[in-house]
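The values are calculated or read from the model by the stated rules, or taken from the named source; none is laboratory data. Nothing here was measured: the structure is a model prediction, and the numbers come from that model. For neighbour counting, all protein chains shown are included, and Cβ atoms are generated from backbone atoms with ideal geometry for every residue, glycine included. The accessibility values were calculated without ligands, DNA or RNA, using every heavy atom of the protein model including side chains. Shrake-Rupley method; radii C 1.70, N 1.55, O 1.52, S 1.80 Å.
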Amino acid sequence: MSDQPFRGLLVDTLAECDVVLTGIPYDEGASCGSGARLAPQRMRELSAFLPPLSKDGKDFSTLKVFDSGDIIQCSNYFQSIEKEAMLRYRSHKFPIFLGGDHSVSIPLQRAFLSYCKENHKIPAIVHLDAHPDICDVYDGSKFSHACTNQRSIEAGYLPQNITLLGLRGFEKQEIDYFQKHPEIEVYTTSKIQSLGVEKVIDAVLKKYDDRYAIYLSYDIDINDPAYAPGTGTPEAFGLTSLEVLKIIENLFQKAPICAFDIVEVSPLLDINNVTSWLALKTLYEVFQILNQKKQKE
């Protein structure tokens with residue numbers, strides 16, 4: 001076993017890579033359980049145990065990954081994240097961000113909005129989460145992890161270009177907001193179970209053609225706590241890890257995904273690194289798809 005993270009995949013410079021990874025070790029936007037600040041480093045540590053092979057044994061060792069390190073916390077941290085994210089978007093390498101709680105998506109999605117405008121694409125968000133994160137204020141803060149999508153709409157995303165998947169935990173203000181904005185597509189876990197995962201995937205793919213650029217945000221708590229116990233706000237009655245993976249795989253294979261984050265993994269609250277491993281193995285399946293696309297170019 002190598003003692004190096006992401007064994008066999010890392011390159012030394014941004015210019016060489018296909019994928020740029022960035023850690024955002026921040027969890028001051030969390031409301032219930034903390035510890036997500038530890039996730040980027042824990043995932044790096046665990047990655048040393050994983051060879052560049054998918055769950056089906058597909059080799060993606062030709063994918064080149066540059067780990068740009070962590071965006072270090074400072075005053076005006078969200079401004080710093082937004083600035084750094086913009087540099088990664090403009091690099092034309094595929095950007096993946098490892099949070100952190102879900103509030104880190106606020107500056108990431110603001111930068112993505114600006115990037116889409118520069119490139120004449122319609123900005124969209126596909127939000128995989130047990131929670132809508134569309135509160136205006138939560139725990140006295142507009143920058144809580146429960147306010148991510150509200151801040152993105154405020155920044156300029158159109159509500160009809162936001163799709164929420166896997167929801168099952170709500171605040172009353174969020175239900176009120178949805179009643180006023182029926183154009184936001186909401187797929188609760190119950191609705192996904194009723195329709196079937198395949199039909200939901202097909203509906204999302206039908207909606208977002210190549211005119212769009214999608215920011216895919218993956219909150220690990222979309223998975224049932226049985227699969228992802230190490231998260232700050234676990235919600236019962238969730239999707240299985242294979243159902244979530246099926247959604248992510250299909251979106252990466254067929255939709256215009258242009259940025260990706262993994263958030264709300266808390267090693268502090270985890271059991272035997274189960275949740276960190278789930279996040280990391282999902283990341284590796286994404287790597288495999290990105291490598292497959294690279295081979296076809």
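Residue-wise test of (1) of a type in the set (Gly, Ala, Ser); (2) at pLDDT below 95; (3) under 14 Å from the mean Cα position of the chain (by Cα).
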| site | (1), (2), (3) |
| --- | --- |
| 40 | no, no, yes |
| 48 | yes, no, no |
| 73 | no, yes, no |
| 88 | no, no, no |
| 130 | yes, no, yes |
Single residue of 203, 226, 130 found to be surrounded by fewer than 24 Cβ atoms within 10 Å (Cβ to Cβ) and either in contact (Cβ under 8 Å) with a residue 60 or more places away in the chain or outside any loop (DSSP other than H, G, I, E, B) (or both)
203
Could you check how many residues of the range 35-80 are open to solvent by 60 Å² or more (accessible area, probe 1.4 Å), in a loop (DSSP other than H, G, I, E, B) and either of a type in the set (Val, Ile, Thr) or touching a residue at least 40 places away in the same chain (Cβ under 8 Å) (or both)?
7
Among (1) open to solvent by less than 40 Å² (accessible area, probe 1.4 Å); (2) not in a helix (DSSP H, G or I), residue 92 falls short only on (1)
Out of (1) at pLDDT 95 or above; (2) more than 17 Å from the chain's Cα centre (by Cα); (3) under 25 Å from residue 238 (Cβ atoms), the one residue 150 does not meet is (2)
Count of the range 158-184 residues which are closer than 15 Å to residue 214 by Cβ and part of a helix (DSSP H, G or I)
2
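Based on this model, can you work out whether residue 136 counts as open to solvent by less than 10 Å² (accessible area, probe 1.4 Å), modelled with pLDDT of 95 or more and either out of contact with any helix residue (DSSP H, G or I) (no Cβ under 9 Å at 6 or more places or on another chain) or charged (D, E, K, R) (or both)? Explain how you work it out, then say what you get.
On the way: open to solvent by less than 10 Å² (accessible area, probe 1.4 Å): no; modelled with pLDDT of 95 or more: yes; either out of contact with any helix residue (DSSP H, G or I) (no Cβ under 9 Å at 6 or more places or on another chain) or charged (D, E, K, R) (or both): yes.
No: the conditions fail for residue 136.
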Identify, please: which residue in the range 266-283 is closer than 13 Å to residue 226 by Cβ and surrounded by fewer than 20 Cβ atoms within 10 Å (Cβ to Cβ) and is, among those, nearest to the chain's Cα centre (by Cα)?
274
